[in-house]
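Presented below is the structure to which this report refers.
The values are calculated or read from the model by the stated rules, or taken from the named source; none is laboratory data. Keep in mind that this is a model prediction, so the values were computed, not measured. Glycine gets a Cβ as well: all are built from the backbone with ideal geometry, and neighbour counts include every protein chain shown. With ligands, DNA and RNA removed, areas are computed over all heavy atoms of the protein, side chains included. Shrake-Rupley method; radii C 1.70, N 1.55, O 1.52, S 1.80 Å.
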Amino acid sequence: MDTFNSMQSRYGDLCSEIAHSLEKAIETDGIKSHSVTSRLKSLESFIGKTRRKGYTDPFRECEDIAAVRVVCLFMSDLERIRSAIERTFQVISSQDKISDSDAATFGYMSHHYICKLSEGYSGPRYDHISNLKFEIQVRTILMDAWANVSHYLSYKNEASVPQEMLKDFHALSGLLYVADRQFETLARASANYAARAERDIVHSGVSVTDLNADTVAALLLKLFPDRQGDYDMKHVSDFVSEVRSVGYDDLESLQRDIEAGLQEALNDEMRDPPSVFVRRGGLITDIQEARYARIGMARNCLKFSNPKYEELTDGPSAWRQVVMRKELTRKDVQES
């Protein structure tokens, strides 16, 4: 117990380092994860595993005292996260419990990696944790949901499931597996549709009337190619909801009114440009003039061309506050 307590601080530092490094690597690769969580094995769990496995040197043999779980959105992300793990850490061993299992054991599937910090983690900050092993588990949201529910029901393996419930257990496992595959199909279809919308609207000049987030994003790229557009698609979806609420139901009418208000919006931007705040050391040290991003400019255009849309924003003053707060630029806070 004394040894475990003395090691807790080291393993706690290791957990924090793993989670931080892995989140950064996943973000760098453009992967949207649902969550990255770390946990430190409790003394009770450590003792139980040591006895169960018959460890003679538990701190060397127990490889999951520190562990991180990554829950991703799609099955294709599992392979991309694997690449991020291998690039970031030294992988000692790995187990693919997805490819090596069938749908009946779907609730317990995930990718498991036993790792150590790589040689790049050097210096006094890492000396006390550089030789410690840790575990990384990677699952999709549905895999994680089923694992959590089955754990809550205390069914840690198939042998623990009552015989009369086993058929339903297998059926539900298979259903979730199919759902995971369908989410993957939808993700590919969505990406293909967005690429086709951009190709047709921006590059080919094809007449597109359907008004949705993908076609609107492509339209804004076409109309304002020199303005910042690095926004989350949620912002585009919010804009689509706004324009539909005032009567737009096709892309052509939206484009017509954005273009109709463009000159007045440009004049307004010159007279009263939006601002960005420059921060140094957490303090605002300067306010600089900026330009509206694509969505902000489109909203400003509609303010001048469509009275209903202007009413939606509760007047010019409130409108400007909303645009400044949300849509000016992704560089609204500059750190130096």
Listed residues 16, 9, 38, 42; which is under 23 Å from residue 142 (Cα atoms), at pLDDT below 95, within 34 Å of the chain's Cα centre (by Cα) and of a type outside the set (Val, Ile, Thr)? 38
Test of understanding: among 31, 26, which residue is in a loop (DSSP other than H, G, I, E, B), touching a residue at least 12 places away in the same chain (Cβ under 8 Å) and in contact with a helix residue (DSSP H, G or I) (Cβ under 8 Å, 6 or more places away or on another chain)? 31
Output for segment 173-228, where each listed residue is buried (at least 17 other Cβ atoms within 10 Å of the Cβ), of a type outside the set (A, V, I, L, M, F, W, C) and assigned to a helix (DSSP H, G or I): 173, 177, 180, 198, 214, 215
In segment 41-72, what residues are of a type in the set (A, V, I, L, M) and open to solvent by 60 Å² or more (accessible area, probe 1.4 Å)? 47
Give segment 89-118 a look and list any residue that's under 23 Å from residue 25 (Cα atoms), modelled with pLDDT under 90 and more than 24 Å from the chain's Cα centre (by Cα), or say none. 95
